[in-house]
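Below you'll find the structure, written out as structure tokens, and then a few comments.
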Amino acid sequence: MENNNPSAAPEAKTKSRFSINKAELLKQIFSFRGLIIIFMIISLVNVGYYILFPSRGEFHADSTDTLMWAQATYDSGSILNEEFEYACLLPFGGQWIMVPLIALFGVSMTTQVLGMFIFFLIFIISLFAMLRTMKISLNWSLFTISVVPVMLSCSKKLREIFWGHIIYYSLGMLYAFVGLALIFKVINIIENSKPDPARKKKFIIFSAILLAWCILAGANQLEILTLFLLPAIGALIAERFFCFKKYSSKKELAANIILIGTVIIGTGIGYLWGNVIAGDITAPYASGASNLTSTDDWWEHLSRFFPHLAYLLGMENPSGLALSSAEGINAVLRIMISVVLIVVPIITTILYPKIKSRHIRIFILFHWVMTALVMIGYICGGLSSANWRLSPIVCTSVIMVLILAQWIYTQCSNKKRLCVLTLIPVLVISALTVNDIRKMPADYNQHNGLYAVADYLENNNLTYGYATFWNANSLTVISDSKSKVRSIRVSDEGEYSINYYQSQRSWFDDQPNQENYFLLLNGNEYENIKNNNNLVLQIPHTEANVEGYTILVFNENIIHAQQWN
């Protein structure tokens, strides 16, 4: 039968067009890039959620580092505060993210989580910039920035190191990402075969930016030299040494010499400038970790490497676990990813002669120079006392795994299954990590412990007092500075002294308009002073017990008592 409805045909065309668009949309969503974008959103939102919310429940004294340094800068108006005793000297570190936030929100948990979230965004953008200047495809760059932050969140300790505070491990990686991105950009300008009248201008501009970045990095002294500058210099020189390709012109040779010279000169100027900035200020903690140890201890240090790596990647104590249990399977998976992060960089290095990309070759060499420097400190120095000192190696090793996978995928079309096999361990651990964070409530671990103590202090108008290091600065931040708590030492003999570590000297003076001061002690500390009849207990005071802590409240600044000196 003939259709006499004139609007039927246009309506059918519209419906058909809609169906095509819908089909095309689904095709785009489930394309390789679409799936990567979905994975990226899930990963980055997951880690961002952790930083903004559950990280508050894993917050402790070491997490206060960056915020305390920012307060020292904010109070003094100078790069470093002469009245503050620093754990390490990072004149151009993450505290500069926190300083403007302190002006807005004070020394508070809001400042802490917003500052770390901003650092997280800068970290991801810097990694992406490095990958793109390495000429890694957009798809693989997006995939890499999806995997790396999740892998750096696969254990409580890694989350603390990278998203809990901005210490030299995470800061070193940030400086490396930006620095390598600038190095690769300059190389791209040098090796650009297309006619470009602005090439010389671009070369000068980006070389100048690179010089400035190296100066800032060098001013942060030994730790950033170890994690970025020396590996970058070593990688640039070694890559040219192992490259037998002749330069196309004397200008190209000169440009490469200038590139290497820029990094070296920037490093030297920055290091000298850092010494000037520091002046007489010292950092005993960082200095102590870099000291050499007896040769008798070196083999023992080396023997800790693999267990430390596995623990850092989320393995719990495996003693007595059945392999068939959930905990046993989890331990095996963590051991497997540890092996992968050791073996894959070695395989990538074996493939070095076949890799044509100068950028990838430089990154491979960068990884190994940095690893060698860290391992020298780990084996011959005091770095082996803690597993988190391997965290930079974990970071670059994860990137090496992803670089190898993308190289196999793009250069070995008949061996793409190897690419999948390379990625499986990383993807499994990433999936487990995403799920672990997903299960953390927004108020994770915020209903007891120091959070309950902070509530008690606020409710009882206790605004200034003292506690040992592991409670002092933490309570200050957790209470949003409504209760300022300063650090003291308590010995096993019940003797006390001021602890200036991560503190400012003026914090122990009598505070203006302060009517009372409190002393917070855990069970052991209280028993020690009680059993040793410490004079502080003879000062009139009231006592309260909260969450296993004893709070003594005085009408005077107890720092002036006889035992406190």
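The values are calculated or read from the model by the stated rules, or taken from the named source; none is laboratory data. Given the structure is predicted, the values throughout are model-derived calculations rather than measurements. Virtual Cβ from ideal backbone geometry, glycine too; neighbours counted across all protein chains shown.
Summary table below
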| item | result |
| --- | --- |
| The stretch 330-353, residues that are part of a helix (DSSP H, G or I), within 17 Å of His367 (Cα to Cα) and aliphatic (A, V, I, L, M) | Val339, Val340, Leu341, Ile342, Val343, Val344, Ile346, Ile347, Ile350 |
| Candidates Leu158, Leu127 - the one that is part of a helix (DSSP H, G or I) and either more than 19 Å from Phe228 (Cα to Cα) or assigned by TED's automatic domain parsing to the domain that holds Ile488 (or both) | Leu158 |
| Entirely in the stretch 230-329, the helices (runs of 4 or more DSSP H) that have 2 or more residues that are touching a residue at least 40 places away in the same chain (Cβ under 8 Å) and touching a Cys at 6+ places or on another chain (Cβ under 6 Å) | 250-278 |
| Qualifying position, being within 22 Å of Leu158 (Cβ to Cβ) and of a type in the set (S, T, N, Q), among Ser357, Ser338 | Ser338 |
| Strands (runs of 3 or more DSSP E) wholly inside the stretch 431-513 that include at least 2 residues being modelled with pLDDT of 95 or more | 464-468, 484-490 |
| Total residues in the stretch 163-181, condition more than 18 Å from Val374 (Cα to Cα) and crowded, with 24+ Cβ neighbours inside 10 Å | 6 |
| Pair list, Cβ under 7 Å, 6 or more apart: the stretch 503-514 residue within 19 Å of Thr64 (Cα to Cα), other residue assigned to a loop (DSSP other than H, G, I, E, B) | Gln504/Asn81; Gln504/Glu83; Arg505/Glu83; Ser506/Glu83 |
| Scan of the stretch 183-229 for residues that are assigned to a helix (DSSP H, G or I) and among the basic types (Lys, Arg), ordered by number | Lys185, Arg199, Lys200, Lys201, Lys202 |
| Candidate set from the stretch 380-408 (those that are part of a helix (DSSP H, G or I) and farther than 21 Å from Leu158 by Cα); member that is modelled with the lowest pLDDT | Cys380 |
| Residue in the stretch 538-550 that is assigned to a helix (DSSP H, G or I) and farther than 19 Å from Glu458 by Cα present | yes |
| Matching residues in the stretch 514-527 - criterion: being surrounded by 19 or more Cβ atoms within 10 Å (Cβ to Cβ) and in a helix (DSSP H, G or I) | Glu525, Tyr526 |
| Breaking point among (1) under 29 Å from Gly77 (Cβ atoms); (2) hydroxyl-bearing (Ser, Thr, Tyr); (3) exposed (fewer than 15 other Cβ atoms within 10 Å of the Cβ), for Thr476 | (3) |
| Any pair with Cβ under 6 angstrom, 6 or more apart, that starts in the stretch 533-549 at a residue that is touching a residue at least 60 places away in the same chain (Cβ under 8 Å) and ends at one that is hydrophobic (A, V, I, L, M, F, W, C) and not in a loop (DSSP other than H, G, I, E, B) | Ala544/Ile551; Val546/Val453; Glu547/Ala452; Glu547/Val453; Tyr549/Val453; Tyr549/Leu520 |
| Positions within the stretch 497-530 being within 21 Å of Tyr285 (Cα to Cα) and in contact with a helix residue (DSSP H, G or I) (Cβ under 7 Å, 6 or more places away or on another chain), in sequence order | Ile498, Asn499, Tyr501, Gln502, Gln504 |
